[in-house]
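This report refers to the structure that appears directly beneath it.
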Amino acid sequence: MARILKHEIPAASEFKLPLHEDCILLKLAVVNEKAYIWAVEDESMPQRGVKFRMIMTGEEINIDPYMVYIGTFILFNGSFVGHLFVDTSVPIKLGIGH
């Protein structure tokens, strides 16, 4: 059975989140100055560490072709703007903006 689960985005340029295979990424948003991602996940599927990359505005980027942009989030009244990419080499589905 699938559920919508929420995962906090850590303050790191590269990180992994424990997502279930074939999950659908739904939304990237900020709540109380913390960034989160919501995903539809079937908890009977194997869980994988899905790699994410966060790029700040103005930062030089070198993104691998399998990294796909999923959204931008703003913290601290605009003093931090992060652009989030996900590694699509792991079996996931993109619902955000796709």
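Each residue in segment 50-86 was checked for being open to solvent by 90 Å² or more (accessible area, probe 1.4 Å), of a type in the set (F, W, Y) and touching a strand residue (DSSP E or B) at 6+ places or on another chain (Cβ under 9 Å), and 1 pass. Output the residues belonging to segment 1-30 that are under 15 Å from M45 (Cβ atoms) and surrounded by 14 or more Cβ atoms within 10 Å (Cβ to Cβ). Correct list: A2, L5, L17, L19, H20, E21, D22, C23, I24, L25.
Criterion first (in contact (Cβ under 8 Å) with a residue 40 or more places away in the chain and in contact with a Gly (Cβ under 6 Å, 6 or more places away or on another chain)) does L75 satisfy it? Working first, answer last.
Numbers: in contact (Cβ under 8 Å) with a residue 40 or more places away in the chain: yes; in contact with a Gly (Cβ under 6 Å, 6 or more places away or on another chain): no.
Taking the combined requirement at face value, the residue does not satisfy it.
Does segment 31-44 hold any residues that are surrounded by 15 or more Cβ atoms within 10 Å (Cβ to Cβ) and not hydrophobic (A, V, I, L, M, F, W, C), and which are they? Scanning segment 31-44 gives Y36, E41.
The values are calculated or read from the model by the stated rules, or taken from the named source; none is laboratory data. Worth saying up front: this structure is predicted, and the values here are computed from it rather than measured. Every residue, glycine as well, gets a Cβ built from its backbone with ideal geometry; the counts of neighbours run over all protein chains shown. Ligands, DNA and RNA are excluded from the accessible area calculation, which covers all protein heavy atoms including side chains. Shrake-Rupley method; radii C 1.70, N 1.55, O 1.52, S 1.80 Å.
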